[in-house]
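Right, one structure below, let's go through it.
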Amino acid sequence: MKKSIQKLRNFYNMKPDAPIFQTEFGFYSLERWKNEGYITDSTDLNQLFGYDADPRISFSEHGWCEAAFMPMFDEVIIEDRGDYEVVQDYAGRHVLYFKNRRSGFMPEYLKHPVTDMKSWQENCKWRLDPSSPERYVNSETKLNSVKKKEEEGYIVIENMIGGYMFLRSLIGPVDLLYKFYDEPELITDCMETWFKLADAVTAVHQQYVTIDEVFLAEDICYNHGPLISPDMIRKFLLPYYQQLITNIKRRQLDKKRVLHIQIDTDGFADPVIDVYKEIGMNYMSPFEVAAGCDVVRTAEKYPDLLIRGGFDKRILAAGKDAIDREVDRIMPVLKKRGGYIPSCDHGVPAEVSFENYMHFRKRMLEFA
């Protein structure tokens, strides 16, 4: 673990030519590899693929792709449609699923819990109360455990749903775009609630530990750029981020510790890098290649930006020669620069053969 801790610290410190931390975004290929007999449920993927032990310890009490409701909504079957069913999920959305199958595919979201100020207040706002005692059940035990890991050198991460992702989970991606224009007071009230909860919960954590990184799950971009304009980002999101980050820095137990700010967004992220740098962002992921991202180009333009991801998942299915060309294009440049963690820009697709992935891992380990 000490070796992994040092490798990850070297990443955060952007140490040039340091050994590269080895990890992966995730997999959609494991079932195929199991069926082909290459792995089993008990296979240690870290050992097989040469991944580094994970020296991070995370708080994940702020939500992720959905708001951190407490209590969550009851899951209820709303309608039977034969082979399908409409279900109210834990985030209050009405979702069309295959009957008896609620994972492994992209469902259709029919309705979101917030349509106006009344539904926001009645359905959701009270579920985001930072003073709710249920939020802190067994918190002292958890916090002491994180504190112990920090003392061992682990990197402390504060994971939280970003403002755009939060709004989208409440209102829905299409209706949200209208609400910015038609009901800005609703957006403001939602974001004030997001801030109060994030600030209060983080303040509790900071009584025990110093935070190394704030991770904001944002997903604000699509294949041509941001889903809302930079001006809207600055108006509706950044003030709350700036205040939260200011408060976190003020509360840090170790005042000398650098606080890293990571923005996680799919899609073509280049147009929002400068915008998010205004809140002190110095780390971004996962740089989706199919949307036009290029980590070599980004690393050259932003020499102080920490980068994770950016390896085209489609190339892994294209064969060893294609993999070699991409590894040789990216890795020598980024290793020399520092501040890079390579991985697929999303989960390894099912189309990727085990042989191809093992070749990719062999090449990656040349830089380990």
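The values are calculated or read from the model by the stated rules, or taken from the named source; none is laboratory data. Small disclaimer: the values here were computed from a predicted structure and weren't measured. Note that each Cβ is placed from the backbone with ideal geometry, even for glycine, and that neighbours are counted across all protein chains shown.
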Meets criteria (buried (at least 18 other Cβ atoms within 10 Å of the Cβ) and touching a residue at least 60 places away in the same chain (Cβ under 8 Å)) for ILE261: no
Listed residues GLU278, GLU300, GLU288; which is of a type in the set (Asp, Glu) and without any contact (Cβ under 8 Å) to a residue 40 or more places away in the chain? GLU300
Of residues in the range 132-177 being exposed (fewer than 14 other Cβ atoms within 10 Å of the Cβ) and β-branched (Val, Ile, Thr), the one farthest from PHE59 (Cα to Cα): VAL174
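One line per residue, one yes/no per condition, for (1) under 28 Å from GLU152 (Cβ atoms); (2) not basic (Lys, Arg):
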residue	(1), (2)
LYS3	yes, no
PRO16	yes, yes
PHE25	yes, yes
ARG32	no, no
ASN35	no, yes
SER42	yes, yes
Residue check: is ALA350 more than 17 Å from ILE20 (Cβ to Cβ), in a helix (DSSP H, G or I) and not basic (Lys, Arg)? no
Looking at THR210, THR188, THR193, THR298, which is the one that is surrounded by 21 or more Cβ atoms within 10 Å (Cβ to Cβ) and either within 30 Å of GLU140 (Cβ to Cβ) or modelled with pLDDT of 95 or more (or both)? THR193
Just a yes or no: is a residue in the range 15-24 of a type in the set (Phe, Trp, Tyr) and surrounded by fewer than 18 Cβ atoms within 10 Å (Cβ to Cβ)? no
Mind checking which residues of the range 72-127 are acidic (Asp, Glu), loosely packed, with under 14 Cβ neighbours inside 10 Å, under 29 Å from THR193 (Cβ atoms) and touching a residue at least 12 places away in the same chain (Cβ under 8 Å)? ASP74, GLU75, GLU108, ASP116
Answer with yes or no whether LEU305 is of a type in the set (A, V, I, L, M, F, W, C), at pLDDT 95 or above and closer than 22 Å to GLY225 by Cβ. yes
Considering only residues that are farther than 19 Å from GLU66 by Cβ and either within 21 Å of the chain's Cα centre (by Cα) or without any contact (Cβ under 8 Å) to a residue 60 or more places away in the chain (or both), which ones fall in the range 178-191? TYR178, PHE180, TYR181, ASP182, PRO184, THR188
Of the residues in the range 114-169, those that are assigned to a helix (DSSP H, G or I), closer than 19 Å to GLN206 by Cα and either touching a His at 6+ places or on another chain (Cβ under 8 Å) or not assigned by TED's automatic domain parsing to the domain that holds PHE236 (or both) come to LEU143, VAL146
